[in-house]
Amino acid sequence: MSFEPFILSFKLALLTSLILFCITLPLAWYLSQTHSRIKPFIEALTTLPIILPPSVLGFYILWALSYSSPVGAFFEDTLGVKLLFSFKGLVVASCFYSLPFMVQPLQNGFESLNKNMLEASYIAGKSRLTTLFRVALPNMKSALITAVIITLAHTVGEFGVVLMIGGNIPGETKVASVAIYEMVEIMDYSAAHIYSAVMLGISFAVLLSVYIFNARQSRRFGL
Amino acid sequence: MIKLNITKKLHGANGAMQLALNIDIKEGEFVALSGKSGSGKTTLLRILAGLEDAQGEISVADKIWLHADKSLPPQEREIGFVFQEYALFGNMTIEQNLLYVTKDTKLANHLLEITELKEMKKRYPHTLSGGQKQRVSICRALMKRPKILLLDEPLSALDSAMRTKLQNELLTLHKEFQTTTIMVSHDPSEIYRLTSRVLVLDSGKIINDAKPTDILLKRQGSQKFTFQGELLEIKKVDVIFVAVVAIGQQLVEIALSNSEATSLQIGQKVILSTKAFAPTLS
């Protein structure tokens, strides 16, 4: 039994979470502070991946990353990167797929902050950026942890999009969920059992640690 | 000298109303802002702080804070703001809350000493009582040595003993720093002890602007003393009527004539006064 699919899954999840965190932090902050009329459009757009069937999402990303779309052509001609059926393509696809799971906890976290506390920081002469990093983020640790862990877990658990964009190349795009699917296909049930049990155990442990952390936070700070 | 001449459309609980204010405040003055809830008191403070926009002009010591389309952001206005619900930075200790504003350890220690918080400066806000939190908030507001200190009902959430204590501290701080201070308050004794001028707001307009004594000591004619209270009940006892009136925290019974009993209504604000005898205080 090889652990390669698991390592690949977690590598993908880590990279996706890291990239999404950096991209969506300003977006979530903006959404929490703005009263602009375009806010509902952005919110709807970022939530789409939750309700779209993975096949629809996969199809669009497949088309976008292929040579026949301007994006795919640009990557291949200018940067020399072939995105389809590669690990890099998987990362791009996962970023779309897991986007709402990062944006929403962050936005909720920002929105639940005491507005007067942020205003007190502005009045103290601090810029929005200083306020974000020294007041806002440190006061929403549980939202941060939730956002990152749920994104990690959700990316590890993705299947449909990964299959469509990455296929099943060992060591490149064959992540744990795809590997299990393949084992069931070839009726190797004992291996499928082991892989599935490992996934189940890890997923439960991750969620349990999030809930324990949040409970401790709320006890410590009376939030 | 603060010159303020502003208008703003408000959508309050009682429908739309126009906030229209024209006020001059002298340097070092301690002004109380009074009036019913929804009359625009907090909004005025927030406009002064730059947290809400408005049309018109604000200038402070010849520096223009608001004029036509130019509005100085809160960061550049020299103000301190004390929020009703403290709004402390929960991730920082008391000392860090103060030093976040300016890295002036000397001033921070001095302020913490006046407010008797020095012993607990390493503690976090969530471990403090309401009164302690509000003192930290007042200290934090003074760290920038602001031109104007804005206090939004700072003591209303505290019990009366703590309120008196904090009033003393506010007085001490005002004497020492001579900061022009505007405080929203409903408490007559607080207004009387701390402030030198009262502005009464109603539906976005100033309806009264005078010394606390002129507004709070409601004397008409030759009464010896008067109390303001709320009429709670009118009972018929044998042949007379007895009214129960709440004056501050105390209930008193007063005999009424027939005509008084029929003209007064339960829940009404009443003035209790007397002329013809010498009361004794003991």
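FYI, it's all coordinate maths here, none of it is from the lab. Everything quoted here is computed from the prediction, not taken from an experiment. As a convention, Cβ positions derive from the backbone with ideal geometry for all residues, glycine included, and neighbour counts pool all protein chains shown.
Numerical summary
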{"quantity": "Spin-label model distance (nm) - A:Leu18 vs A:Lys115, 7 Å beyond Cα toward Cβ", "calculated": "3.8"}
{"quantity": "Per-residue ³J(HN,Hα) for region B:158-170, Karplus 6.51 cos²θ - 1.76 cosθ + 1.60, θ = phi - 60°, Hz, x for Gly and Pro", "calculated": "10, 6, 5, 5, 5, 4, 4, 4, 5, 4, 4, 5, 4"}
{"quantity": "Residues of region A:150-177 with amide N under 14 Å of the 7 Å Cα→Cβ point at A:Leu45", "calculated": "none"}
{"quantity": "Cα convex hull of the protein assembly as shown - mean projected area over all directions, nm²", "calculated": "36.3"}
{"quantity": "Global geometry of chain A, whether rounded, prolate or oblate, following the gyration tensor of its Cα atoms and the 1.5 cut on a/c", "calculated": "oblate"}
{"quantity": "Choice from A:Pro105, A:Pro54, A:Pro40 with maximal GNM fluctuation in chain A (Cα, 10 Å cutoff)", "calculated": "A:Pro40"}
{"quantity": "Length-normalised contact order for chain B - Cα pairs under 8 Å, 6+ apart - percent", "calculated": "19"}
{"quantity": "Number of partner chain Cβ atoms within 10 Å, mean per residue of B:48-56", "calculated": "1"}
{"quantity": "Extension reserve of the A:Phe85-A:Met187 stretch, reckoned as 0.36 nm per residue once the Cα distance is removed", "calculated": "34.2 nm"}
{"quantity": "Kyte-Doolittle mean at least 0.0, axial Cα span of 20 Å or more - DSSP H helices of chain A", "calculated": "A:4-33, A:87-112, A:141-156, A:189-221"}
{"quantity": "Listed residue pairs exceeding 27 Å between alpha carbons, taken from B:Lys122/B:Lys144; B:Lys3/B:Lys205; A:Lys126/B:Lys205; A:Lys11/A:Lys141", "calculated": "A:Lys126/B:Lys205"}
{"quantity": "Amide proton proximity set for B:Leu232, modelled H, under 5 Å, gap of 5+", "calculated": "B:Val244, B:Val245, B:Ala246, B:Gly267"}
{"quantity": "Charge sum, other residues only, whose C-beta stays under 14 Å from A:Pro49's C-beta, Lys/Arg counted +1 and Asp/Glu -1", "calculated": "-2"}
{"quantity": "Relative contact order computed over chain A (Cα-Cα under 8 Å; 6+ residues apart), in percent", "calculated": "29"}
{"quantity": "For region B:30-73 versus region A:156-209, the gap between their alpha-carbon centres in whole angstrom", "calculated": "60"}
{"quantity": "Shielding by partners - mean other protein chain Cβ count within 10 Å, residues of A:125-132", "calculated": "3"}
{"quantity": "Extension reserve of the B:Lys36-B:Asp214 stretch, reckoned as 0.36 nm per residue once the Cα distance is removed", "calculated": "62.2 nm"}
{"quantity": "Relative contact order (%) - region B:152-254, alpha-carbon pairs under 8 angstrom, separation at least six", "calculated": "14"}
{"quantity": "Length gained when the stretch B:Met1-B:Ala255 is fully extended (0.36 nm per residue, less Cα-Cα span)", "calculated": "86.3 nm"}
{"quantity": "FRET efficiency for B:Gln75 and B:Lys235, using Cβ-Cβ distance with R0 set to 41 Å, rounded to 0.05", "calculated": "0.10"}
{"quantity": "Cβ-defined net charge surrounding A:Tyr67, 12 Å radius [Lys, Arg +1; Asp, Glu -1]", "calculated": "-1"}
{"quantity": "Cα-projected label distance for B:Ser189 with A:Ile194, points at 7 Å along beta-carbon direction, nm", "calculated": "7.9"}
{"quantity": "Computed P(r) (all Cα pairs; chain B; 10 Å bins; percent)", "calculated": "6, 24, 29, 22, 13, 6, 1, 0"}
{"quantity": "Hull-based mean projected area of region B:225-274, where the convex hull spans the alpha carbons, in square nanometres", "calculated": "3.3"}
{"quantity": "Separation of the B:Glu57 and B:Lys118 label points, Cα + 7 Å toward Cβ, nm", "calculated": "4.7"}
{"quantity": "Candidates A:Leu99, A:Leu12, A:Leu52: whichever shows maximal mean-square fluctuation once chain A is modelled as a Gaussian network with Cα springs under 10 Å", "calculated": "A:Leu52"}
{"quantity": "Choice from B:Leu199, B:Leu112, B:Leu272 with maximal GNM fluctuation in chain B (Cα, 10 Å cutoff)", "calculated": "B:Leu272"}
{"quantity": "Residue order, fewest to most beta carbons within 10 Å, for A:Trp63, B:Trp65", "calculated": "A:Trp63, B:Trp65"}
